[in-house]
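Comments concern the structure below.
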Amino acid sequence: MTTKLDIFSDPICPWCYIGKARLEKALEQRPDHPFVIEWHPYMLNPTMPPEGMDRREYLQAKFGPAEGIVKAYLPVSEAAEAEGLPLDLSKIERTPATLDAHRLIHWAGLEGRQNAVVNALFQANFVRGLDISNHAVLLDLAEASGLDRDLIARLLGSEADIDDIRARDADIRERGLSGVPGFLIGRKYVVSGANPTEFWVQVIDDLAAAA
């Protein structure tokens with residue numbers, strides 16, 4: 001018996017990156033887990049212009065002076081280190097718009113490649129410091145994840161699914177999700193935050209016991 005796990009996330013959200021790693025450790029510990037995972041769009045900056053903005057300007061606008069930025073990101077760095085998760089925030093020069101990245105995740109889902117693309121986007125942003133709003137970057141990630149590069153190029157060059165992604169992002173906000181990562185377990189239970197691996201192991205065990 002399977003259980004749907006819907007994940008609401010943004011590929012520039014560091015806690016989504018960390019939360020995914022923690023969840024995956026639980027899935028490794030429980031290889032017979034029931035989850036069927038689907039990723040859904042949530043844009044941290046839904047009004048970000050397509051070209052994004054300078055990372056330093058973005059952080060200063062969001063967190064204020066340098067000490068505010070350090071205070072905000074120190075827990076992120078500590079959590080990533082504790083998980084053995086590669087993270088190099090110094091490489092990120094621009095904060096990208098993520099609309100096209102979410103379109104790519106959506107198309108990857110149609111091909112059964114969502115997890116590979118989500119992984120690739122997190123790695124590109126948090127490890128390599130690539131601009132994941134750049135179509136050339138997205139095409140490289142798509143191809144490396146097993147998608148048809150020419151098809152994705154045509155889709156990115158069109159307005160395909162733009163309205164759908166924006167509508168889904170707006171819908172989940174209207175339903176009360178105000179931050180990510182967010183998880184919907186079995187279409188019933190809502191969980192927020194980058195919960196520890198132990199939490200997910202317990203959820204899997206509870207689902208197994210109730211089956």
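The values are calculated or read from the model by the stated rules, or taken from the named source; none is laboratory data. In this text the structure is predicted, and so the values were computed from the model without any measurement. Neighbour counts run over all protein chains shown; Cβ positions are idealised from the backbone, glycine included. What goes into the accessible areas is simple: the full protein's heavy atoms, side chains included, and nothing from ligands, DNA or RNA. Shrake-Rupley method; radii C 1.70, N 1.55, O 1.52, S 1.80 Å.
I need the trypsin sites (Lys or Arg not before Pro) found in segment 141-211, filtered to DSSP loop residues with at most 11 other beta carbons within 10 Å of theirs. Don't skip to the end; give the middle numbers.
Numbers: sites: ARG149, ARG154, ARG166, ARG168, ARG173, ARG175, ARG187, LYS188; in loops: ARG175, ARG187, LYS188.
When the trypsin sites (Lys or Arg not before Pro) of segment 141-211 are filtered for loop state and at most 11 Cβ neighbours within 10 Å, ARG175, ARG187, LYS188 remain.
Taking a ≥ b ≥ c as the square roots of the Cα gyration tensor eigenvalues, with a/c under 1.5 meaning rounded and otherwise prolate when a/b beats b/c, else oblate, which class fits the chain? Mind dumping the intermediate values first?
Numbers: a/c = 1.60, a/b = 1.19, b/c = 1.35.
Note, shape of the chain comes out oblate.
Non-local amide H neighbours of ARG94 (under 5 Å, H modeled in plane, Pro and chain starts lacking H): which ones?
Amide H to amide H, under 5 Å and 5 or more residues apart or across chains, ARG94 pairs with ARG55.
Can you compute 3J(HN,Hα) from phi for each residue in segment 83-90, using the Karplus curve 6.51 cos²θ - 1.76 cosθ + 1.60 with θ = phi - 60°, rounded to whole Hz and x for Gly and Pro?
With the stated coefficients, segment 83-90 comes to 8, x, 9, x, 7, 9, 5, 5 Hz.
Specify whether the C-alpha gyration tensor of segment 1-125 places it in the rounded, prolate or oblate class, a ≥ b ≥ c being the square roots of the eigenvalues: rounded for a/c under 1.5, otherwise prolate if a/b is larger than b/c and oblate if not.
Values: a/c = 2.50, a/b = 1.44, b/c = 1.73.
Because a/c hits 1.5 or more and a/b fails to exceed b/c, segment 1-125 counts as oblate.
Could you identify which residue out of GLY176, GLY129, GLY146 has the top mean-square fluctuation in a GNM of the chain using Cα springs shorter than 10 Å?
The residue that fluctuates most here is GLY176.
Any aspartates and glutamates with Cα under 14 Å of the LYS91 Cα? List them, leaving off those in the same chain fewer than 8 positions away.
ASP54, ASP131
Search the structure for amide H atoms under 5 Å from the amide H of ASN195, placed 1.01 Å from N in the peptide plane, and list their residues when 5 or more places away or on another chain.
Here the answer is none, since no amide H 5 or more places off falls under 5 Å of that of ASN195.
In the chain, what % of DSSP beta bridges are antiparallel (nearest 5)? If you can, show how the numbers build up before the last one.
On the way: 10 of 17 bridges.
DSSP beta bridges in the chain are roughly 60 percent antiparallel.
Find which of PHE183, VAL118, ILE165 sits farthest along the positive direction of the dipole of segment 84-211, computed with +1 on the beta-carbon of Lys and Arg, -1 on that of Asp and Glu, about the Cα centre.
PHE183
May I ask you to give the solvent-accessible area per residue for segment 1-55, in square angstrom, as obtained with a 1.4 angstrom probe? Each step should come with its number before you reach the end.
Values: 2390 Å² over 55 residues.
In whole numbers, segment 1-55 has 43 Å² accessible per residue.
For segment 107-170, run through the GluC sites (Glu not before Pro) and keep only the ones in DSSP coil with at most 16 other Cβ atoms within 10 Å of their Cβ.
On the way: sites: GLU111, GLU143, GLU159; in loops: GLU111, GLU159.
Here the sparse-neighbourhood loop sites are GLU111, GLU159.
Suppose accessible area is computed on protein heavy atoms with a 1.4 Å probe; arrange ASP100, ASP150, ASP32 from highest to lowest.
On the way: ASP100 35, ASP150 100, ASP32 130 Å².
From most exposed to least exposed: ASP32, ASP150, ASP100.
Give me the percent of the accessible area of the chain that comes from carbon and sulfur atoms, probe 1.4 Å, all protein chains in place. Each step should come with its number before you reach the end.
On the way: 5580 of 10860 Å².
About 51 percent, which is the carbon plus sulfur part of the accessible surface.
From the phi of every residue in segment 131-138, what ³J(HN,Hα) in whole Hz does the Karplus formula 6.51 cos²θ - 1.76 cosθ + 1.60 yield, where θ is phi - 60° and glycine or proline is x?
After applying 6.51 cos²θ - 1.76 cosθ + 1.60, I find 8, 7, 9, 6, 5, 5, 5, 4 Hz.
Check each of the GluC sites (Glu not before Pro) in segment 1-94 and keep only those in coil by DSSP with at most 11 other C-beta atoms within 10 angstrom; list them in order. Mind dumping the intermediate values first?
Values: sites: GLU24, GLU28, GLU38, GLU51, GLU57, GLU67, GLU78, GLU81, GLU83, GLU93; in loops: GLU51, GLU83, GLU93.
Those satisfying the criteria are GLU51.
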